[in-house]
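Visitor: Just dropping this structure here.
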Amino acid sequence: MKLEIVVPLGAVAVATGCASSYPSPIERVPMTEAAARTAEEGGAYEDPMAALHLRLADEEIARAKALMSDGDNKRADYTLRRALADAQLALDLAKLASARREARAAIDDVNRLRTQTQQPER
């Protein structure tokens with residue numbers, strides 16, 4: 001009979017130990033928040049897709065903090081990793097949008113110069 005009592009208690013102790021033994025991802029928070037700030041400063045709110053991913057990153061950071069408060073470090077870690085990826089994607093999309101604008105402006109300048117050089121002199 002003692003064996004029956006010890007086994008379930010042992011299983012509960014192991015399960016509880018595994019849940020609380022996942023390390024807190026608190027050190028990821030500043031790095032992830034910095035990536036989101038960098039994306040914002042990089043113009044992420046000027047491009048719709050970049051803005052979407054930046055908003056997702058901000059929401060995921062808040063969700064991760066709540067998960068850490070609840071002791072769910074594993075899900076918080078996953079959520080912070082996702083937030084970092086979204087922040088980095090937002091920055092990359094903002095850079096791409098900026099490069100496209102610059103390329104369009106350069107093409108417009110070239111076309112304007114072509115038009116000017118093809119006009120006959122008076």
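Visitor: Looking at (1) under 14 Å from the mean Cα position of the chain (by Cα); (2) farther than 11 Å from L84 by Cβ; (3) among the hydrophobic types (A, V, I, L, M, F, W, C), can you tell me which one I26 breaks?
Guide: Only one criterion is unmet by I26, namely (1).
Visitor: How many residues are exposed (fewer than 11 other Cβ atoms within 10 Å of the Cβ) and either in contact with a Leu (Cβ under 7 Å, 6 or more places away or on another chain) or closer than 22 Å to V29 by Cβ (or both) if we restrict to segment 66-122? If you could, list the steps in order and put the result at the bottom.
Guide: The initial filter retains those residues of segment 66-122 that are exposed (fewer than 11 other Cβ atoms within 10 Å of the Cβ), namely 69-70, 99, 102-122.
Next, from what is left, pick out any that are either in contact with a Leu (Cβ under 7 Å, 6 or more places away or on another chain) or closer than 22 Å to V29 by Cβ (or both): 69-70.
Here the count works out to 2.
Visitor: Give the number of residues within segment 43-82 that are of a type outside the set (D, E, K, R) and out of contact with any Ser or Thr (no Cβ under 8 Å at 6 or more places or on another chain).
Guide: Looking only at segment 43-82, we keep the residues that are of a type outside the set (D, E, K, R), and these are 43-45, 48-54, 56-57, 61-62, 64, 66-69, 71, 73, 76, 78-80.
Now narrow it down to the ones that are out of contact with any Ser or Thr (no Cβ under 8 Å at 6 or more places or on another chain): 44-45, 48-54, 56, 62, 66, 69, 78-79.
Here the count works out to 15.
Read-outs throughout are calculated quantities, based only on the coordinates presented, and are distinct from any laboratory measurement. Everything numeric here is computed off the predicted structure, so don't read it as measured data. Counting neighbours? That spans all protein chains shown, and the Cβs are built from the backbone with ideal geometry, glycine included.
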